[in-house]
Amino acid sequence: MTTALYLPEENIDMIAATSVLQQQAADIRTRTINWASYMQSQMISQEDYQSISALDKSRAAYLTQNSTQVVKTLLNLVSHLSKDSTIQYILVLVDDLLQEDRSRVDLFHETSGKLKQCVWGPFLNLLNRQDGFIVNMSSRILAKFACWGHETMPKADLNFYLQFLKDQLATNSTSYLQEMAAMAKRAQTIIVHTPMQQGKDHHGKDNHHQYSPSVAQQLQQQHDRANESYRDVGSYSFDQQKDGKYVIPNNEYIQSVARCLQMMLRVDDYRFAFVSVDGISTLIRILSTRVNFQVQYQLIFCLWVLTFNPLLAAKMNKFSVIPILADILSDCAKEKVTRIILAVFRNLIEKPEDTSVAKDHCIAMVQCKVLKQLSILEQRRFDDEDITADVEYLSEKLQNSVQDLSSFDEYATEVRSGRLEWSPVHKSAKFWRENAQRLNEKNYELLRILVHLLETSTDAIILSVACFDIGEYVRHYPRGKHVLEQLGGKQIVMQHLGHEDPNVRYEALLAVQKLMVHNWEYLGKQLEKENENQKQGAAPISGKA
């Protein structure tokens with residue numbers, strides 16, 4: 001099995017990332033399970049009863065002498081019992097045993113092999129349960145089985161498990177965003193009218209609302225929570241009370257899910273499997289939304305470990321990793337998030353084996369204003385030496401790429417990023433005269449992207465620039481109209497003639513005019529040739545516009 005990547009802060013990070021699960025586990029450990037009743041009802045065997053009872057009384061001593069029996073009993077119990085509270089207790093026990101000593105993962109693998117039992121099956125089955133703790137603790141145990149032992153997870157089980165993690169991330173992040181939206185809405189609607197002490201009365205023009213101190217305080221608290229981007233590690237909010245106990249929101253498990261993925265992707269054997277279930281797109285989609293800094297850190301950590309594989313590092317920016325991380329870097333207030341983003345950027349330059357790919361990544365970072373952020377970071381003092389080293393490395397590489405940057409490189413990077421703006425290159429007539437035909441390279445890659453942006457983007461500036469560029473391409477490349485029609489671009493440009501934004505309408509109209517003028521110029525030249533041929537007595541030349 002490929003060696004996993006471990007970091008010094010691993011244990012600290014694990015506790016921070018699974019704080020909700022840990023709190024619940026602490027309560028579950030205090031339970032007393034009536035194993036005798038299970039034996040009397042013949043739900044467990046005498047052998048398993050004696051083993052689990054002895055384990056409860058003296059774990060260390062019994063485990064040392066009866067390790068095989070302990071594993072056998074735990075697998076039997078987790079496979080055949082169904083009561084939620086009992087399954088929760090068994091899962092906490094299994095997780096504690098693994099956390100105490102990683103080598104016990106191999107003990108589980110070896111014992112299940114001797115017994116011809118599947119160590120994966122019982123825990124994979126529990127992922128379908130309704131209880132959130134059971135699902136997430138089973139997931140945590142599966143990650144340890146997959147990463148801490150000498151046996152890798154079988155391919156079919158691996159794909160199922162990674163798909164589960166991906167879906168849980170997406171579901172939990174959606175839940176988180178919905179909760180934030182609901183909280184923001186509540187913050188806006190909690191308004192209590194009291195007699196006016198300032199301004200005019202309700203018949204006057206300047207009607208200012210007053211809030212009672214208690215309600216104003218509640219409003220401010222909820223507003224702060226609704227708009228909070230970054231929460232401290234290990235902190236979580238409880239919005240409701242039930243029977244005097246706090247209710248934990250379901251979305252808090254997103255940190256536990258992300259933690260499992262952090263573990264899995266440190267193992268190179270599992271990385272391509274995650275990519276195959278469209279995992280990178282899911283990470284990017286979640287990072288493009290407003291999630292707390294701990295989740296940001298964990299998901300960017302996942303991207304970081306993926307970039308240690310040279311092939312994946314080379315393909316990473318096809319998922320718009322650089323633009324998304326550049327945005328987060330410009331906004332983030334947490335040093336750990338800054339550090340992990342810089343580490344990703346460094347890998348994207350260092351790890352690809354093709355130097356042209358590394359160059360493209362440098363240009364993409366320049367295009368996304370990373371150099372500006374690096375100059376800001378250079379003015380700050382960091383306790384972490386890695387941050388300082390990465391800032392120096394990236395600044396040097398990006399500065400060098402700027403010196404070597406041609407206008408077409410700059411343009412191509414901007415188009416590939418999907419973030420078009422009115423940069424000087426677009427308005428340069430010289431640029432289009434020299435480079436319009438280069439939009440045909442790589443099977444019309446850049447032209448296809450422009451057409452795709454016209455079809456999918458909702459940003460008025462992007463649409464305006466795309467229309468302008470397509471018009472310039474057609475204007476300067478003789479066969480541009482034909483190529484554009486083949487790609488379906490002409491019809492899409494014309495659709496924007498009715499766009500709600502006047503700038504988009506204007507640029508779309510200019511692009512259509514260039515299409516038509518190009519057509520007229522071609523026809524005029526054809527007529528001139530026909531007249532010349534007729535004067536010389538030659539046969540007329542026919543052609544399509």
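The values are calculated or read from the model by the stated rules, or taken from the named source; none is laboratory data. Here the structure is a predicted model, which is why all the values come from computation and not from measurement. Ideal geometry is used to build each Cβ from the backbone, glycine not excepted, and the neighbour counts take in all protein chains shown. Each accessible area value is taken on the protein alone, full model and side chains, heavy atoms only, with ligands, DNA and RNA left out. Shrake-Rupley method; radii C 1.70, N 1.55, O 1.52, S 1.80 Å.
Please go through the range 452-483 and give me each residue that is assigned to a helix (DSSP H, G or I), within 20 Å of K318 (Cα to Cα) and either free of Cβ contacts under 8 Å to residues at least 40 places away in the same chain or open to solvent by less than 10 Å² (accessible area, probe 1.4 Å) (or both), ordered by number. Reasoning before the result, please.
Residues of the range 452-483 assigned to a helix (DSSP H, G or I): 452-456, 460-476, 480-483.
So of that shortlist, the ones also within 20 Å of K318 (Cα to Cα) come out as 452-456, 462, 466.
H452, L453, L454, E455, T456, A466, listed by residue number.
Of the numbered conditions (1) of a type in the set (A, V, I, L, M, F, W, C); (2) part of a helix (DSSP H, G or I); (3) farther than 29 Å from L342 by Cβ, V425 fails exactly one; give the number of that condition.
Unmet condition: (3).
Can you tell me which residue is nearest to S82 (Cα to Cα) among those in the range 123-145 that are among the polar types (S, T, N, Q) and surrounded by 19 or more Cβ atoms within 10 Å (Cβ to Cβ)? Walk me through how you get there before you give the answer.
In the first step, residues of the range 123-145 are kept if they are among the polar types (S, T, N, Q); the result is 125, 128, 130, 136, 138-139.
Checking which are surrounded by 19 or more Cβ atoms within 10 Å (Cβ to Cβ) leaves us with 136, 138-139.
Values: N136: 16, S138: 14, S139: 17 Å.
Applying the filter and picking the extreme gives S138.
Could you tell me whether W422 is farther than 21 Å from W304 by Cα and in contact with an Asp or Glu (Cβ under 6 Å, 6 or more places away or on another chain)?
Details: farther than 21 Å from W304 by Cα: yes; in contact with an Asp or Glu (Cβ under 6 Å, 6 or more places away or on another chain): no.
No.
Being of a type in the set (S, T, Y), more than 16 Å from A508 (Cα to Cα), buried (at least 21 other Cβ atoms within 10 Å of the Cβ) and in contact with a Cys (Cβ under 8 Å, 6 or more places away or on another chain), is that true of even one residue in the range 412-423?
Going residue by residue through the range 412-423, those that are of a type in the set (S, T, Y) are 413, 417, 423.
If we keep only those that are more than 16 Å from A508 (Cα to Cα) as well, we get 413, 417, 423.
This time we only want the ones that are buried (at least 21 other Cβ atoms within 10 Å of the Cβ), so: 413.
Filter again for in contact with a Cys (Cβ under 8 Å, 6 or more places away or on another chain), leaving none.
There is no residue in the range 412-423 that is of a type in the set (S, T, Y), more than 16 Å from A508 (Cα to Cα), buried (at least 21 other Cβ atoms within 10 Å of the Cβ) and in contact with a Cys (Cβ under 8 Å, 6 or more places away or on another chain).
Go through the range 372-385 residue by residue and tally those that are open to solvent by less than 40 Å² (accessible area, probe 1.4 Å) and of a type in the set (A, V, I, L, M).
We begin by selecting, within the range 372-385, every residue open to solvent by less than 40 Å² (accessible area, probe 1.4 Å); these are 373-374, 377, 382, 384.
Right, trim to of a type in the set (A, V, I, L, M) and you get 374, 377.
Going through the range 372-385 one residue at a time, the tally reaches 2.
If I filter the range 362-369 for residues that are at pLDDT below 95, among the basic types (K, R) and buried (at least 18 other Cβ atoms within 10 Å of the Cβ), do I get at least one hit? Write out each step before concluding.
Residues of the range 362-369 at pLDDT below 95: 362-369.
Within this subset, residues satisfying the condition of being among the basic types (K, R) are 369.
Right, trim to buried (at least 18 other Cβ atoms within 10 Å of the Cβ) and you get none.
Looking for residues that are at pLDDT below 95, among the basic types (K, R) and buried (at least 18 other Cβ atoms within 10 Å of the Cβ), one finds none in the range 362-369, hence no.
When you look at F345, is it assigned to a helix (DSSP H, G or I) and in contact (Cβ under 8 Å) with a residue 12 or more places away in the chain, yes or no? Break it down into steps so the answer makes sense when it comes.
Numbers: assigned to a helix (DSSP H, G or I): yes; in contact (Cβ under 8 Å) with a residue 12 or more places away in the chain: yes.
Answer is yes for this residue.
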